[in-house]
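The values are calculated or read from the model by the stated rules, or taken from the named source; none is laboratory data. Note that the structure is predicted; figures quoted are calculated from it, not measured. Neighbour counts are summed over all protein chains in view; Cβ atoms, including those assigned to glycine, are modelled from backbone coordinates with ideal geometry.
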Amino acid sequence: MPTNEPLNRKLRMGLVGGGQGAFIGRVHATAAILDNRAVLVAGALSSDAAKAKASAPDYDINLARAYGSVKDMIAAELKLPAGERVDFVSVATPNHTHFEIARAFAEAGFNVMCDKPLTFDLAQAEELAKVVAKTGVVFGVTHNYTGYPLVRQARDMVLAGELGEINAVRAFYIQGWLRTKLEASGQKQADWRTDPKRSGAAGCFGDIGTHAYNLGRYITGLVPEQISCSLKAFVEGRVLDDYGTAVIRYTNGGLGTVTASQISHGRENDIWVEIDGTKGALEWHQEEPNKMLHRVNGQPHQIYTRAGGPYLGATAGASTRIPAGHPEAFLEAFANVYTAAYADMIKRAAGQKFDGTNTLYPNVADGVDGMNFITQCVASSKEGGAWKTLKHPLCRR
């Protein structure tokens, strides 16, 4: 909602979700204010009104703006003068609630930062994209791994042609925390992620496989054409997949693979990607995020480091905060996604035009892309790995 006021101030943030016992809400709240560009002033921190109020002090939210529901939050914020309302809302709730919450805030004119996957199913994602187009709000999706400086460096190198034609993309996301039926113990994070009524049609592939897929798409810009997928729940009694592998055909003739696991012993949060081009290859691991390997046949392997010097491109350089050799990782990458979206929020608040489609931060179209990926992976797996189309009018990035 444009105010035409000069933005010599911090953006005002509202948070939905993140109440006591939550994980990702705290991450959003920390990352969003990391660069001193925003301040958290309001929230509907839980679907339980009492818990929402009780959680407010954890975020230094004034109780007057600690709302018991999304409906109450929107109504109360709209009653405030335009110069006092929240500028954007972060949605940090389980998958099945994203659509209604994000749509309500977007329709009310508030910018939205939504956790992934975007919605519960593809139809909701497509509807949400229409709402965003109609309202003109800034809409970001927190595929946070796109915020790492060396991921952005890889993207710039690929798009500049330094790797030549891209032939292959191999993306992996390997965890082990669901090796046992943890959800049976009532553990909150396992409970909703393994429940099809709250997680959606996929388990592991919806939760982390989408990150691996998005990472390959973000770096290479390759447009997917078809997919063949096999998903499986190895833990007895588990309804949704905890392991899977997909093969992707891209429109340029390239091939991609996505492998995701939550049942691999000893693996913590191992997302990595390998890109093969006709001129060279790249490899990056999230658990060692400040290094990236560049290989060319017949030449010594090169190691790019974050903040490593003049060879680092402008985008990657602008995505770092501290001198080389000091670890910079997850929260900072998350913050980079926010900071990129803030640039468009500031333009919108000033009544200026902005391009919400070709963005450095993942946008609503990337969210639709992820939901299309999940939908077609599940459909393919149910048919024994049958090839399914990945073509979608919004998935062109």
*Residue in segment 45-79 that is nearest to the chain's Cα centre (by Cα), counting only those that are not in a helix (DSSP H, G or I) and not hydroxyl-bearing (S, T, Y)*: L45
_Here are the criteria: (1) aromatic (F, W, Y); (2) in a strand (DSSP E or B); (3) over 25 Å from P327 (Cβ atoms). Tell me which single one W192 does not satisfy._
(2)
_Step by step: first the residues of segment 296-317, then only those that are buried (at least 18 other Cβ atoms within 10 Å of the Cβ) and not small (G, A, S), then the one that is farthest from G280 (Cα to Cα). Which residue is that?_
R306
*Based on what the data block shows, is S90 surrounded by fewer than 19 Cβ atoms within 10 Å (Cβ to Cβ), modelled with pLDDT of 95 or more and hydroxyl-bearing (S, T, Y)?*
no
*Out of T357, T320, report the one residue that is in a loop (DSSP other than H, G, I, E, B), in the same structural domain as E225 (by TED's automatic domain parsing), at pLDDT below 95 and surrounded by fewer than 23 Cβ atoms within 10 Å (Cβ to Cβ).*
T320
_Extreme residue, farthest from N95 (Cα to Cα), among residues of segment 1-59 that are modelled with pLDDT under 95 and among the β-branched types (V, I, T)_ = T3
*What is the one condition in (1) at pLDDT 95 or above; (2) surrounded by 21 or more Cβ atoms within 10 Å (Cβ to Cβ); (3) not charged (D, E, K, R) that N167 does not satisfy?*
(2)
*Looking at D207, is it outside any loop (DSSP other than H, G, I, E, B), out of contact with any strand residue (DSSP E or B) (no Cβ under 9 Å at 6 or more places or on another chain) and among the acidic types (D, E)?*
no
_Which pairs turn up if I take residues in segment 340-358 that are over 16 Å from R85 (Cα atoms) and look for partners that are in a helix (DSSP H, G or I) and aliphatic (A, V, I, L, M) with beta carbon separation below 7 Å, at least 6 apart in sequence or on another chain?_
T357/A365
